[in-house]
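Beneath this line is the structure, given in structure tokens, with notes to follow.
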Amino acid sequence: MVTRHLKTAKSEAARADDDLAVRTTVERILTDIKEGGDSTVRRLSEEFDKYSPASFRLSNQEIEAALSKVSTRDLSDIRFAQDQVRQFAEHQKAALKDIEVETLPGVILGHRNIPVQSVGCYIPGGKYPMVASAHMSVVTAKVAGVPRIVASAPPQGGAPHPAIVAAMHLGGADEILCLGGIQAVGAMAIGTSSIAPVDMIVGPGNAFVAEAKRQLFGKVGIDLFAGPTETMVIADDTVDAEMCATDLLGQAEHGINSPAVLLTTSERLGLETLKEIERLLEILPTGATARKSWEDYGEVIVCDSHDEMLQQANFFASEHVQVMTDRDDWYLENMTSYGALFLGPRTNVAYGDKVIGTNHTLPTKKAGRYTGGLWVGKFLKTHSYQKVVSDEASALIGEYCSRLCMLEGFVGHAEQANLRVRRYGKRNVPYGEAAE
């Protein structure tokens, strides 16, 4: 394989140093929350968000007040987006069936899809109020049938963000918190005297939120390990530099550490995209953030063929992959590692982020090699069960089980099987011996 880098990114070693600093900070803060509960959460909210209300949980009156501040057009747009997310999630859920099969006469096996009983949905605020994240987590959890949905977002300007509150409420959240960062994730996962703990935490966030979820995994479930937003554009000469540059910077503006990579078979397109990025950065209102991200994490890689671009794309396993080539469906058929695909120039990552209906909480940092993104199935636990409804079936399975247990030296296990052979098969099996 011959690939040529027209632009390279920050080294893996430098990125690892950044991760270590975040990890240490999060570990200390989560320990403080475990020990201090509500008082620590309040101190952290005051420190990081300058916000200390009587209660972090919004009352019905506060929710209604927030909704009254959202324009009719914005409320309509939120409802439209949530309708798309809900519709796709409902189709996904319909594909998940409970099953029950008789594998042998009298032996019945099955599974049931049971919702997680309580979920904490984190909706990022910070530089950008991520209204769409409420659709992706709250609405999807609601479709799954989660009985208790807690949604939390940081304050904006010393108060709950009206549009985020509206999205959480319209999406079906049972409890709404105005709380951000590590303190929000920690309070929902660990629990305090005023916030009952949840079974699962979902939703995107900055590096500190992502690391908090990672450290809390095991105590609670999480949707996935997530890092900064990533985007990849796979393009040949069927598209132009303006489209490539726009789609790269459209995600680079998320933060100062958002990787954006162009894979192309056209060196001309690569060079023109570099020039176009510089032009757009001068006029983009979020250009300062996007420029830092592009300088440190942007890459342009020229490949000799589509096969090479496919190999590189699967190696990167980027969160968002925008494919604009003369064979988009070929990539759909052959790509194996990614968060979500956006096929053809008529679609783009922003559609998926905000409104089209697929979920925008997606795997980063190569996690697309082993997991997909948030979807209705993440909120469902598939639990198996078994029934043996005849004496003959119990005795038959018991004979096999007895011998297999003794093969492994599990005499107590074997005796569970032997008891059934004796009782239902009317056969004497000496204690501590395998059924013959």
Candidate lysines for bridging to residue 378, where Cα separation is under 24 Å - those fewer than 8 sequence places away on the same chain excluded: 93, 97, 142, 213, 219, 354, 365, 366
Per-residue SASA entry for residue 278, accessible area with 1.4 Å probe, Å² rounded to 10: 80
I'd like the orientation of helix 12-36 relative to the chain: the angle between its Cα long axis and the longest Cα principal axis, in ° from 0 to 90, rounded to 10. 60
For residue 275, counting only lysines whose alpha-carbon sits under 17 Å away and dropping same-chain residues fewer than eight positions off, the answer is 7, 292
How many percent of the accessible area of the range 199-245 is carbon or sulfur, using a 1.4 Å probe? 51
Please report the accessible area of residue 292 (heavy atoms, 1.4 Å probe, ligands and nucleic acids excluded) in Å², nearest 10. 90
Where Rh is the Kirkwood radius over Cα pairs, Rg/Rh for the range 337-431: 1.41
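Ignoring ligands, DNA and RNA, how do 91, 383, 320 rank by accessible area with a 1.4 Å probe, largest first?
Details: 91 125, 383 75, 320 5 Å².
So the residues, ranked largest to smallest area, are 91, 383, 320.
Assuming a ≥ b ≥ c are the square roots of the Cα gyration tensor eigenvalues, decide whether the range 206-343 counts as rounded (a/c under 1.5), prolate (otherwise, with a/b larger than b/c) or oblate. Can you show the working numbers first?
Details: a/c = 2.61, a/b = 1.29, b/c = 2.02.
Oblate is the answer for the range 206-343, as a/c is 1.5 or above yet b/c matches or exceeds a/b.
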Could you point to the residue in 224, 234, 255 farthest towards the positive end of the range 167-278's charge dipole, with +1 and -1 charges on the Cβ of Lys/Arg and Asp/Glu respectively? 224
Antiparallel content of DSSP bridges confined to the chain, in %, to 5: 35
Can you give me the angle between helix 287-297 and the longest principal axis of the chain, using Cα atoms only, in degrees from 0 to 90, rounded to the nearest 10? 60
Report residue 330's accessible area, 1.4 Å probe, all protein chains in place, as a number in Å² to the nearest 10. 70
Point-to-point label distance, residue 381-residue 288, nm (Cα→Cβ direction, 7 Å offset): 4.7
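Based on DSSP H runs of at least 4 residues, each adding -39500 (n - 2.57), what is the mean residue ellipticity at 222 nm of the chain after dividing by all its residues, to the nearest 500 deg cm²/dmol? Walk me through the intermediate numbers first.
Numbers: 17 runs with 205 residues, N = 436.
Calculated mean residue ellipticity at 222 nm is -14500 deg cm²/dmol.
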Got the relative contact order for the chain handy, in percent, Cα pairs under 8 Å and 6 or more residues apart? 18
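Using a 1.4 angstrom probe, figure out how much accessible area the chain has per residue, in square angstrom, rounded to the nearest whole. Please report the intermediate quantities before stating the final value.
Values: 20620 Å² over 436 residues.
Normalised by residue count, the accessible surface of the chain is 47 Å².
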Calc'd 3J(HN,Hα), the range 307-313, phi into Karplus 6.51 cos²θ - 1.76 cosθ + 1.60 (θ = phi - 60°), Hz, glycine/Pro = x, comes to 4, 5, 5, 4, 5, 5, 5
In Hz, Karplus ³J(HN,Hα) per residue of the range 409-416 (6.51, -1.76, 1.60; θ = phi - 60°; x = Gly, Pro): x, 8, 5, x, 4, 4, 5, 4
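What's the magnitude of the charge dipole for the range 1-88 around its Cα centre, counting Lys and Arg as +1 and Asp and Glu as -1 at the beta-carbon? Answer in Debye, nearest 20. List each step's numbers first, then the result.
Details: 15 positive and 16 negative charges, 78 e Å.
Rounded to the nearest 20 debye, it is 380 debye.
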Can you give me the angle between helix 72-94 and the longest principal axis of the chain, using Cα atoms only, in degrees from 0 to 90, rounded to the nearest 10? 30
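Rg to Rh ratio, the chain, alpha-carbon atoms and Kirkwood radius?
Numbers: Rg = 26.2 Å, Rh = 24.4 Å.
Radius of gyration over Kirkwood radius for the chain works out to 1.08.
The values are calculated or read from the model by the stated rules, or taken from the named source; none is laboratory data. Values in this document were obtained by computation on a predicted structure and should not be read as measured data. Glycine gets a Cβ as well: all are built from the backbone with ideal geometry, and neighbour counts include every protein chain shown. Just the protein is used for accessible areas: all its heavy atoms, side chains included, with ligands, DNA and RNA removed. Shrake-Rupley method; radii C 1.70, N 1.55, O 1.52, S 1.80 Å.
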